[in-house]
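See structure below.
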Amino acid sequence: MTAEIVQAQYEQLEQIANRFNRQADQSEAIAQSIRQMHDALVGGQWQGDAARAFANEMQADVFPAFSRLIAALRASQALTMEIKTVMRQAEEEAARLFQGSPTEGVSAFRGGGVSMFANAAQFSAEETPTPTAPADPNNYDRFDKAIEYMHQEMVNNAQSDVVKQMKSLLDSAMNPKWYDMLSGSNSGDKIIAALAMWTAKVHAGSDWDHKPILGDMLGLKNDKDYYFPIRGDQTNEYYYDIWSNIHYGYVGTAAGFDAKTLQDGANLGDALTGTNDPGDVLTVQMGIDLWNKYGTSMTQEQLHAEILANRDNLVQLDKTTSGKNHR
């Protein structure tokens, strides 16, 4: 029996995308009007400290804020439409996996409005399997390549334009300025926009899904290849997906998402299947902690040290998670 496709409300997604576009147009018009007022005042008779303070605030804060807002709204419009496409594809793929009706947890998303978590695979951190005894504890080639690449990814992505746009949207939603009020946008729309942008970056097969990249880079061809030792630990091997979880927590925090939002998103895929992987919670938290401690100044050595510092917890949590020892 063919399973019923669990559908998001695509008309609402289109309406949100159109609203982002209208708000961007309105923001551009308001910014142009304010700039004309600014030019008239600065070029007129208004002089003194107050005039200079006004001009400085406009140049340093107001105009850049409008530029960031407009760019974020335009990007959100495009990404919302992309999310619509991705969700449709994911739902069709999920339906093919079911032999009967979808589970209660998945079908609960039907008709539930716009949810950035409607497809769990789109917003979930990767499950962290059990570290195992290494076949060759002195072979660190894969680890060396992985940590060099992932450190670069974490620091670069945390400073990327899309992360800055998400941060701007979330900051504006939490702490609106007077000029935010003029644009006609609201906090809920901005949060949805930031979530849409985040989901578009982290869903399976997207830019920040590092599994296929690491697989190709490290020549991972079978199950045993996906486990490899790290320098400083000759007892255990670690599954390669811990890197994506750490990146998820680090870059997500840089983008302005709080820990609860990131952990809820990371655990959603497990929740839908009735499981909960403490290893995911730990590795996502490691990324969150790294950002909070070091920000963009994090070094490769600090990333390495964080993994070693959590070694015992990783092993303990994985060994106590149901089914992990049978992988």
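We did not get these values from a lab; they are worked out from the coordinates using the rules stated. All values reported here derive from a predicted model rather than from experimental measurement. Ideal geometry is used to build each Cβ from the backbone, glycine not excepted, and the neighbour counts take in all protein chains shown.
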inquiry  = Could you list Y250, Y140, Y10, Y226 so that the one with the fewest beta carbons within 10 Å of its beta carbon is first and the one with the most is last?
reply    = Y10, Y140, Y226, Y250
note = Karplus ³J(HN,Hα) for the stretch 295-312 (6.51 cos²θ - 1.76 cosθ + 1.60, θ = phi - 60°; Hz, whole; x = Gly/Pro) runs x, 6, 7, 4, 9, 4, 5, 5, 4, 4, 4, 5, 5, 5, 5, 9, 4, 5
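Quick check: net charge around D25, other residues with Cβ under 14 Å of its Cβ, Lys/Arg +1 and Asp/Glu -1?
Numbers: positive: R19, R22, R74; negative: E28.
Result for the neighbourhood of D25: +2.
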ask   = If the chain between T235 and R22 were fully stretched, how many nm would it gain, using 0.36 nm times the residue separation less the Cα-Cα distance?
value = 70.9 nm
task = Using a cut-off of under 16 Å, list every residue of the stretch 185-223 whose amide N is near the label point 7 Å from the Cα of Y149 along the Cα-to-beta-carbon line.
result = 205-222
request  = Provide the gained length on full extension for the span A259 to A60, in nm with one decimal, where the gain is 0.36 nm per separating residue minus the Cα-Cα distance.
outcome  = 68.6 nm
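Full-extension gain between A71 and E301, please, as 0.36 nm times their residue separation minus the C-alpha to C-alpha distance.
Details: separation 230, 0.36 × 230 = 82.80 nm, distance 3.54 nm.
That pair, A71 and E301, stretches by 79.3 nm at full extension.
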ask   = Under a no-solvent Debye model with one identical scatterer per Cα of the stretch 190-245, what's log10 I(q)/I(0) at q = 0.22, 0.27 Å⁻¹?
value = -0.86, -1.08
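First measure r as the distance between the Cβ atoms of R88 and A40, then evaluate 1/(1 + (r/R0)^6) with R0 = 56 Å and state the FRET efficiency to the nearest 0.05. Let's see the in-between values first.
Values: r = 49 Å, r/R0 = 0.88.
Calculated value: 0.70.
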query = Modelled label-to-label distance, S33 and I213, 7 Å Cα→beta-carbon offset: nm?
reply = 4.3
